[in-house]
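The values are calculated or read from the model by the stated rules, or taken from the named source; none is laboratory data. All of these numbers come straight from a predicted model, not from anything done at the bench. All Cβ positions, glycine included, derive from the backbone under ideal geometry; neighbour counts span all protein chains shown. Ligands, DNA and RNA are excluded from the accessible area calculation, which covers all protein heavy atoms including side chains. Shrake-Rupley method; radii C 1.70, N 1.55, O 1.52, S 1.80 Å.
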Amino acid sequence: MTAAPSRRLVEFSARELNSRLGEALALYVSAMNYPPGTAEQRAPMWLAHMLRDGWRCVVALGEHDELIGIGYGYRGSTGQWWHEQVRHGLTAVSGPGAVEEWMHDYFELTELHVLPGAQGRGIGEGVLRDLLAGVPTSRVLLSTPEGPSKAWRLYRRLGFVDVLRHYQFTGDPRPFAVLGRSLPLD
């Protein structure tokens, strides 16, 4: 049995994440198994996210202060790309009542990633719990690719339910699920 890596959870300011953005994006690319050029494409988006209302970030640091996990998000609102995409899909499938129920006061869990070699050891759950512990909204929403994964098992174990399934975001051919739950986590 392999021992769990030593870790500590730390809330990062935008300045702290910006100073380690290359490392954070490398973690993201590794966790998502994306091609290397993805990091350069995503950097401007991550920087823009840091300016959004209610932005929060929690990281897991390994024994040498290297990033082994990261989670961040912010208050979702009208006009944001993800909000508008989900609003459109949810309206089409479930109607405006579902949009009002889920999207009037929510935290968008934008990113949650753990290095592949450290997955399955509670790091993602720790990052998620710490991140959501300080969120003042009544709900949290996220999107994740459809299909069985460690992320799916984590979200289900923590009580996330289906909000919108098999949705295709503009520019991505994969089907996604939008999951949500009320806050705080128990």
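What is the dipole size for region 59-105, taken about its Cα centre, with +1 at each Lys and Arg Cβ and -1 at each Asp and Glu Cβ, in debye to the nearest 20?
280 debye
Using a Gaussian network model of the chain with C-alpha springs under 10 Å, which one of Gly126, Gly147, Gly79 is most mobile by mean-square fluctuation?
Gly79
Between Val161 and Glu100, what FRET efficiency comes out of the Förster formula 1/(1 + (r/R0)^6) with R0 = 25 Å and r the beta carbon distance, rounded to 0.05?
The computed FRET efficiency comes out at 0.90.
So with the 1.4 Å probe, I'd like the accessible area per residue for region 12-95, rounded to whole Å².
Computed with neighbouring chains in place, this is 49 Å² per residue.
Over the heavy atoms of Tyr28, what accessible area does a 1.4 Å probe trace out, to the nearest 10 Å²?
Its heavy atoms expose roughly 10 Å² to the probe.
Please report, to two decimal places, log10 I(q)/I(0) for region 23-72 at q = 0.24, 0.32 Å⁻¹ as given by the Debye formula with identical point scatterers on the Cα atoms and no solvent.
-0.98, -1.18
Given the options Met45, Met103, Met32, state which has the largest fluctuation in a GNM of the chain using a 10 Å cut-off (strictly under) for Cα springs.
Result for the chain, Cα springs under 10 Å: Met45 fluctuates most.
Using just the helices of the chain, give the 222 nm mean residue ellipticity in deg cm²/dmol: DSSP H runs with n ≥ 4 each add -39,500 (n - 2.57), and the total is spread over all residues, rounded to 500.
-11500 deg cm²/dmol
Please calculate the 1.4 Å probe accessible area of Phe176, with all protein chains present, and give it to the nearest 10 Å².
20 Å²
In degrees from 0 to 90, rounded to the nearest 10, what is the angle of the helix 38-49 Cα long axis to the longest principal axis of the chain?
70 degrees
Suppose every Lys and Arg Cβ carries +1 and every Asp and Glu Cβ carries -1, with no other charges. What dipole size does region 52-186 come out with about its Cα centre, to the nearest 20 debye?
Charge dipole of region 52-186: 320 debye, to the nearest 20.
Express the carbon and sulfur contribution to the solvent-accessible surface of region 44-151 as a percent, rounded to the nearest whole number, probe 1.4 angstrom.
55 percent
How are the Cα pair distances of region 81-154 distributed, in percent, across 5 Å bins from 0?
Bins of 5 Å from zero give 3, 13, 21, 21, 18, 13, 7, 2, 0 percent of pairs.
Let me know the volume per residue of the alpha-carbon convex hull for the chain, in Å³.
122 Å³
Full-extension gain between Glu23 and Gln168, please, as 0.36 nm times their residue separation minus the C-alpha to C-alpha distance.
My answer for the length gained is 49.3 nm.
How charged is the neighbourhood of Gly71? Take every other residue with its Cβ under 12 Å from the Cβ of Gly71, and add Lys/Arg as +1 and Asp/Glu as -1.
-3
Evaluate the charge dipole of region 47-128 about its Cα centre and quote only its size in Debye, nearest 20, assuming +1 on the Cβ of each Lys and Arg and -1 on the Cβ of each Asp and Glu.
100 debye
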